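Report on one structure; see the data block that follows.
Since every read-out is calculated from the coordinates, none of them should be taken as a lab result. Predicted model, so just to flag it, every value in this text is computed and none were measured. Here the Cβ is made from the backbone with ideal geometry for all residues, glycine too, and neighbour counts use every protein chain on show.
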Amino acid sequence: MIRKATRNDARAIFDTRVAAILAQWQGFYSAEILDAWTSGDLTEQFALWVESSFHVAVDGDKVLGSASIDLHSGQIDGIFVLPDLMSKGIGRQLLTSLENMAVAAGLDQLVLNSTLNAAPFYRKCGYEGNAVAVYSSPRGFNLDCVPMTKVLRRSAVDAQPCGQADLAHEAAQDRLP
Ligand SMILES: CC(C)(COP(=O)(O)OP(=O)(O)OC[C@H]1O[C@@H](n2cnc3c(N)ncnc32)[C@H](O)[C@@H]1OP(=O)(O)O)[C@@H](O)C(=O)NCCC(=O)NCCS
């Protein structure tokens, strides 16, 4: 089942995030990057982000995975699945659920910055994008990522004046899962 996250889910989401990164980022990013992204503890800022934007896949009380969406910008972030449960369709279910919310909210497209390990997953789910870009973290380090887009309603996006889709894409550069 997928439901809106509450503040009480912040700890489980934070721990799932750390475990998922440690399980999949090795081989794609340096030990320094891994350490930077997994060190530290749950912050008030993270809890507020959970409350405002996250959904969780759950089995009873247990959080299995997480995903967030900004229904104003169409940006997806924070997709993490417990390592033991990866490749069982949970990530796709979360993404589909966010896409349904986005369509209901009238969004034309979704954008995200994929980490290098996750780009094949997003492609399987219909996201497009191949070029590697550099994400600069507010904490002062750079991370390679792949900006990706999925058009939800092609006719609406085709009707945009030239260049607007690109601008939306650039705006996506300011956050990474
Ligand atoms: C990436 C992640 C969210 C995918 O979730 P998941 O539940 O494991 O993925 P799913 O089982 O829903 O996979 C959906 C499809 O993508 C494929 N897929 C998933 N991860 C993949 C990968 N790393 N490489 C290639 N294909 C992948 C699956 O095989 C499946 O394909 P199918 O439709 O042919 O069966 C999850 O593995 C994860 O938490 N990774 C670590 C954290 C992370 O990097 N998050 C993304 C940050 S941008």
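The table below gives the values:
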quantity: Test: residue in region 16-25 that is part of a loop (DSSP other than H, G, I, E, B) and within 9 Å of the ligand (Cβ to nearest atom); calculated: yes
quantity: Complete set of residues in region 1-26 that are among the small types (Gly, Ala, Ser) and either under 12 Å from residue 83 (Cβ atoms) or without any contact (Cβ under 8 Å) to a residue 40 or more places away in the chain (or both); calculated: 19, 20, 23
quantity: Checking residue 80 against (1) assigned to a strand (DSSP E or B); (2) among the hydrophobic types (A, V, I, L, M, F, W, C); (3) touching a His at 6+ places or on another chain (Cβ under 7 Å), the condition it does not meet; calculated: (3)
quantity: Filter pass, residue 97 being in a strand (DSSP E or B), more than 8 Å from the ligand (Cβ to nearest atom), small (Gly, Ala, Ser) and surrounded by 13 or more Cβ atoms within 10 Å (Cβ to Cβ); calculated: no
quantity: Qualifying residues in region 114-129 (those that are assigned to a loop (DSSP other than H, G, I, E, B) and touching a Lys or Arg at 6+ places or on another chain (Cβ under 9 Å)) - the one nearest to the ligand (Cβ to nearest atom); calculated: 125
quantity: Tabulated pairs, region 112-127, first farther than 16 Å from residue 93 by Cα, second within 6 Å of the ligand (Cβ to nearest atom) and β-branched (Val, Ile, Thr), C-beta under 9 angstrom, 6+ apart or interchain; calculated: 112/79; 115/21
quantity: Yes/no for residue 111 being among the β-branched types (Val, Ile, Thr), under 13 Å from the mean Cα position of the chain (by Cα), closer than 28 Å to residue 130 by Cβ and near the ligand (Cβ under 9 Å from one of its atoms); calculated: no
